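Since the structure comes first, as structure tokens, the remarks are kept for the end.
Each reported figure results from applying straightforward, stated rules to the coordinates on display, with no laboratory input. Here the structure is a predicted model, which means the values were calculated and not measured. Methodologically, a virtual Cβ is constructed for each residue, glycine included, from the backbone with ideal geometry; neighbour enumeration extends over all protein chains shown.
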Amino acid sequence: MELIPPELSMLSATGLVALSFFTSMLTAAIGIGGGLLMLTVMVSFLPPIVVLPVHGVIQLGSNGGRMALMRQHVDWRIWGFFATGSILGVILAGQVFINLSLEVLRAVLGLFVLYAVWTPKLRPSNISLKGYTLVGVGTAFITMFVGATGPLVSSFLSPEKLGRERVVATLAACMTIQHGLKVVAFGVIGFYFQPWIPIIAVMIATGFLGTLVGRRILKGLPEQLFSRLFRIVLTLLAGRLLYLAMTA
């Protein structure tokens, strides 16, 4: 088995490993955003049909590890309804995904990044347990096309109602099942994961290291400055995706 898939050079593979470390540091430091940044950077030089499955496996490993560490805090009732809806959402999205062109996928991703970065955040919703089935359907459908829906899912988990630890743990559990279903769906559609296994394994490992050191390294950075720089970088990357989509 080749250590690097044919779509990557040694330089780009090294860059992805470093990106996994940095984005995990980001998530550990401020709670969210690393997955979106990783997705946006990867899609800027790789086609979405490659990025979305690979990104899904990496996020599956990241969220699965967080869920395992915090499993005693997971609200399994919410998770059960969310997982049920996610199964239906992924099945429906799979039927649509196979008919989309590369340019459409890039445009969808670019617009989603701009939405996630610049629109006001949804406030946590006080919904019933059964309502999480619909949340699962909607977010699972969306994640097949944009990948990083953690910020959207988190808006339906109320810290006031659940508490901080239960929100983080339940979000990790929900994203684990959703990314897992997505990976299975891409396998059924026909994506060939084997050439990517070595680089994915290394990225998951470096992502775990990034999680361990994230808070210490980024603790001294002013949050307002970091947030502004983060938005600017993502906006530029989203603009490039839209440019590529329009000029293809």
**Request:** Would you look at the GNM of the chain, springs on alpha carbons closer than 10 Å, and say which of V117, V96, V108 moves the most?
**Result:** V96
**Asked** Translational D (Stokes-Einstein, µm²/s) of region 10-247 at 20 °C and 1.002 mPa s when Rh comes from the Kirkwood sum over C-alpha pairs?
**Response** 119
**Request:** Using the number of other C-beta atoms within 10 angstrom as an exposure proxy, rank H55, H179 with the fewest first.
**Result:** H55, H179
**Complete:** Taking Cα atoms only, Rg over Rh for region 39-102 with Rh from the Kirkwood formula is 1.06
**Asked** If you rank Y132, Y192 by fewest surrounding Cβ atoms within 10 Å, what's the result?
**Response** Y192, Y132
**Complete:** If each K or R counts +1 and each D or E counts -1, the residues other than A245 whose Cβ falls under 15 Å of its Cβ total +1
**Asked** Based solely on its DSSP helices, what 222 nm [θ] is calculated for the chain when runs of n ≥ 4 H residues each add -39,500 (n - 2.57) and the sum is averaged over all residues, nearest 500 deg cm²/dmol?
**Response** -26000 deg cm²/dmol
**Message:** Quick check: residue separation of L92 and K161 times 0.36 nm, minus the Cα distance between them. What number comes out in nm?
**Reply:** 21.7 nm
**Prompt:** For the chain, with only Lys/Arg (+1) and Asp/Glu (-1) charged at the beta-carbon, what is the dipole magnitude about the Cα centre, in debye rounded to 20?
**Reply:** 720
**Taking all pairs of distinct alpha-carbon atoms in region 65-183, Kirkwood radius in angstrom** = 14.7
**Percentage relative contact order, the chain, counting C-alpha pairs under 8 Å, at least six apart** = 39
